[in-house]
1. Whether any residue in the range 279-288 is of a type outside the set (D, E, K, R), surrounded by fewer than 17 Cβ atoms within 10 Å (Cβ to Cβ), touching a residue at least 40 places away in the same chain (Cβ under 8 Å) and farther than 18 Å from Ser367 by Cβ is what I want to check.
2. How about the range 293-346: which of its residues are open to solvent by 60 Å² or more (accessible area, probe 1.4 Å) and not in a loop (DSSP other than H, G, I, E, B)?
3. Out of the range 347-365, which residues are closer than 23 Å to Ser266 by Cβ and open to solvent by 10 Å² or more (accessible area, probe 1.4 Å)?
4. Which one of Asn65, Asn45, Asn80 is modelled with pLDDT under 90, touching an Asp or Glu at 6+ places or on another chain (Cβ under 7 Å) and not aromatic (Phe, Trp, Tyr)?
5. Which members of the range 1-57 meet the condition of being assigned to a strand (DSSP E or B) and touching a residue at least 40 places away in the same chain (Cβ under 8 Å)?
6. I'd like to verify a number: residues in the range 15-72 that are of a type in the set (Gly, Ala, Ser) and surrounded by 18 or more Cβ atoms within 10 Å (Cβ to Cβ), how many?
Amino acid sequence: MVVKGLYVIENYPFPDFKELESRGLTHVFYSDSFLLNNYNTCKNNVNALIDEMKGTKLKLHININAFKASDQSSLVDPNNMDHRNKLQTAITQLLSDIPKIDGIIFDDFHWHMWSGYDVDQQSNILAEFAKQIATAIHGIDSSNKLSASILWTSPTIHLTAAEVDYVIPKIYPSNSSGTALSTSIKKVLDEIDNNAKMVVNLITYDPSVKLIPRSLSDIYNEISTVIKINGANYCLYASPWSPYGLGFPLEDYSFIEVNVNLSLVSQHKTISEKSSRIITISFLDQNNNPLSDNLLSTIVGKYKITDQSTGKVIKDFTNFIPDNSIYELNLSSEDNRIINPDVSQENHIITVSAVYGDGKIENEELSVTIMNLTGIN
């Protein structure tokens, strides 16, 4: 099974799941911190999410921090069977109450602060813990999946991988110390030794700059690297900061180019001020063929309008999501307004930029003339 996932987090607005499914999304990972603190809140939140996902075939996995609550209070000591059994009981109750849940993912499932154990002992304890939970959730429904999200450098990853359905290593620029993504992925594959399927966890924002989204180019290039080495098995972390409309590629598009052609539907480049117009944006590959649906689903476009003589921005970059290789962009009367009332006409530049495939960018411009009319308010 291919996993192209996205994390959503409690108390943040949900994205348009139908739209994202159309762009390739297959799995939703919901981050919860209420399971042991307030079961009813957890249950209600999950049901609300399921309502938002109606009309899709997306798989839902509940992401639980097995060891820490959101307020950093300790939840589970992996050496304490009472703690482990309490968590197992809560998980099995949730799966029984909400059969639409497809799996459980343990977040940060590596050794934290418990002292007095060497690496081999740590690995064995975590593996036993994972096995206990896996047995319990598979007993409810054999199709339920248990995943473990682990730092890719964790020395306990090998034995944990043998007990879970998916290993989801966190491979971020901030925890890789300059190690190339391709090297990190290969190292983890060697560590898990085919004991579990690997789904690479990629980050969509830069925590060093207050959660500003990373560039689409960076994200797409990382996805492309994952696909080349591990197939289309990845999930994007921190979805509230992920740019809306991001595609979820199934294949590597490194060797495909997209060309952007712009034209006015009316075929006249002279527009009476404050008139509405439609621009046709054609997306074609290097062979002048329409794009495949999969490649089209990766495109995120934006456009802006600038006055050529003054450089003044009439409309700053605005995103759009093409649903076809020929996309019609509506220019409003406000888009086609005159900036300088003392001239008879203005030349406006419409700039279209599209990020696609593995992070490539294609830019194109169209020049139009706006006629200054008398008495138009």
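The values are calculated or read from the model by the stated rules, or taken from the named source; none is laboratory data. Every value quoted in this text rests on a predicted model; they were computed, and no experiment measured them. Note that we place each Cβ from the backbone using ideal geometry, even for glycine, and neighbour counts take in every protein chain shown. Quick note on the areas: whole protein, heavy atoms, side chains included, nothing else; ligands and nucleic acids left out. Shrake-Rupley method; radii C 1.70, N 1.55, O 1.52, S 1.80 Å.
1. Yes: the range 279-288 contains one or more residues that are of a type outside the set (D, E, K, R), surrounded by fewer than 17 Cβ atoms within 10 Å (Cβ to Cβ), touching a residue at least 40 places away in the same chain (Cβ under 8 Å) and farther than 18 Å from Ser367 by Cβ.
2. Matches in the range 293-346: Asp293, Asn294, Lys302, Val313, Asp316, Phe317, Asn319, Ile326, Glu328, Asn330, Gln345.
3. Listed by number, the residues that qualify are Asn347, Ile349, Thr351, Glu364, Glu365.
4. Values: Asn45 fails: modelled with pLDDT under 90; Asn80 fails: touching an Asp or Glu at 6+ places or on another chain (Cβ under 7 Å).
Among Asn65, Asn45, Asn80, only Asn65 is modelled with pLDDT under 90, touching an Asp or Glu at 6+ places or on another chain (Cβ under 7 Å) and not aromatic (Phe, Trp, Tyr).
5. Of the residues in the range 1-57, the ones assigned to a strand (DSSP E or B) are 3-9, 27-32.
Of everything in the range 1-57, those that are assigned to a strand (DSSP E or B) and touching a residue at least 40 places away in the same chain (Cβ under 8 Å) turn out to be Val3, Lys4, Gly5, Leu6, Tyr7, Val8, Ile9, His27, Phe29, Ser31.
6. At the first step, the residues of the range 15-72 found to be of a type in the set (Gly, Ala, Ser) are 22, 24, 31, 33, 48, 55, 66, 69-70.
Next, only the ones that are surrounded by 18 or more Cβ atoms within 10 Å (Cβ to Cβ) stay: 24, 31, 33, 66.
Here the count works out to 4.
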